[in-house]
């Protein structure tokens, strides 16, 4: 027997209105949850950048080379294209560009894109065209196999060890 058989048109309209109200409330809750998760993700990313920047800032040494400058959130714009690098080291002969992630995964680290950024950096900042460029990825953790893939591409990985950093430079190359 159908329990809705004896409902009036007004009953159905009231049920529809209640369903719509519940749906709207669920949508608001989902939106708020997404906002909070986005905030947590940004906070984790900010924390990772701060950790690695502070680990390098004092001595400005990367791959046994002393740098004159270290920048966090290094921006430059060419032809209305904004370029941002998480951490950049600069001295008279070398530049190190470090991408920072809280958790490095294949879906947020594109090796081809990273390597192409080195060439674009030289093209867009001609003052550095004769500099050696080193690439690195710093992360609080790496998805299994990703660090090895980065090393094969010549990209250095930087991992936290306690309150310090550990650099793995297997296969490091100059870009």
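Read the figures in this text as sums done on the coordinates, not as results from a lab. Here the structure is a predicted model, which is why all the values come from computation and not from measurement. Backbone-built Cβ (ideal geometry, glycine too); neighbour counts: all protein chains shown.
Would you compute, from DSSP H runs of 4+ residues alone, the mean residue ellipticity of the chain at 222 nm, taking -39500 (n - 2.57) per run and dividing by the full residue count, rounded to the nearest 500? Mean residue ellipticity at 222 nm (helix-derived): -14000 deg cm²/dmol.
For the chain, the antiparallel share of DSSP beta bridges with both residues in that region comes to about 60%.
Axis angle, to the nearest 10 degrees, between helix 111-124 and the longest C-alpha principal axis of the chain: 60 degrees. Taken over the Cα atoms of the chain, the convex hull encloses 189 Å³ per residue. Summarising the label geometry, the points placed 7 Å from Cα in the beta-carbon direction at residue 59 and residue 8 lie 8.3 nm from one another.
Taking Cα atoms only, the orientation of helix 9-57 departs from the longest principal axis of the chain by about 10 degrees. Here the calculated FRET efficiency for residue 21 and residue 165, from their Cβ-Cβ distance with R0 = 35 Å, stands at 0.10, rounded to the nearest 0.05. Report note on the peptides 96-103, 112-119: ranked by the mean count of other C-beta atoms within 10 Å, highest first, their order is 96-103, 112-119.
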